[in-house]
1. On the basis of being at pLDDT 90 or above, over 30 Å from residue 30 (Cα atoms) and part of a helix (DSSP H, G or I), does residue 61 make the cut?
2. Might you check whether a residue that is within 13 Å of the chain's Cα centre (by Cα) and either loosely packed, with under 13 Cβ neighbours inside 10 Å or modelled with pLDDT under 95 (or both) occurs anywhere in region 25-36?
3. Take the residues in region 64-113 that are closer than 28 Å to residue 25 by Cβ and not in a helix (DSSP H, G or I); name whichever of them is modelled with the highest pLDDT.
4. Would you please list the contacts, defined by Cβ atoms under 6 Å and residues six or more apart or on different chains, that run from a residue in region 39-54 that is within 20 Å of residue 29 (Cβ to Cβ) to a residue that is modelled with pLDDT of 95 or more and surrounded by fewer than 15 Cβ atoms within 10 Å (Cβ to Cβ)?
5. Output yes when any residue across region 5-22 is at negative phi, at pLDDT below 90, more than 18 Å from the chain's Cα centre (by Cα) and exposed (fewer than 13 other Cβ atoms within 10 Å of the Cβ), and no when none is.
6. Scan region 39-58 residue by residue and report those that are in a helix (DSSP H, G or I) and within 15 Å of residue 23 (Cβ to Cβ).
7. Please pick out the residue among 102, 58, 109, 113 that is farther than 19 Å from residue 36 by Cβ and under 12 Å from the mean Cα position of the chain (by Cα).
């Protein structure tokens, strides 16, 4: 039997998060088991716990990652001096529109909170 190539820490984490997201969305937090997540991700249940410590921390990562990505994107976008020539009203509008889009795309997960 051929052995599977070893995956990096980040790759396993990404696989677990990608598998957990739709399960949490469709089955809810209580209805999703770490065993289901591991099976969907193609990893062991032990790997899920090694990477996240608990189902609760994995859920937080699934919920928080899009928000962290949004904040990082906002900071990167507005750290450019040229962007500060945009009127404050437009910057505020863009911020709120992008935040609304984030909430809309993740509404199912956010309702699980």
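1. Against the criterion (at pLDDT 90 or above, over 30 Å from residue 30 (Cα atoms) and part of a helix (DSSP H, G or I)), residue 61 does not qualify.
2. yes
3. Only one residue tops the list, namely 106.
4. 45/35
5. Within region 5-22 (the criterion being at negative phi, at pLDDT below 90, more than 18 Å from the chain's Cα centre (by Cα) and exposed (fewer than 13 other Cβ atoms within 10 Å of the Cβ)), the answer is yes, since at least one residue qualifies.
6. Correct list: 39, 40, 41, 45, 48, 52, 55, 56, 58.
7. Testing whether each residue is farther than 19 Å from residue 36 by Cβ and under 12 Å from the mean Cα position of the chain (by Cα) leaves just 102.
The values are calculated or read from the model by the stated rules, or taken from the named source; none is laboratory data. Quantities reported herein were computed from a predicted structural model and do not represent experimental measurements. Quick reminder, even Gly has a Cβ in these numbers, built from the backbone with ideal geometry, and neighbours come from all protein chains shown.
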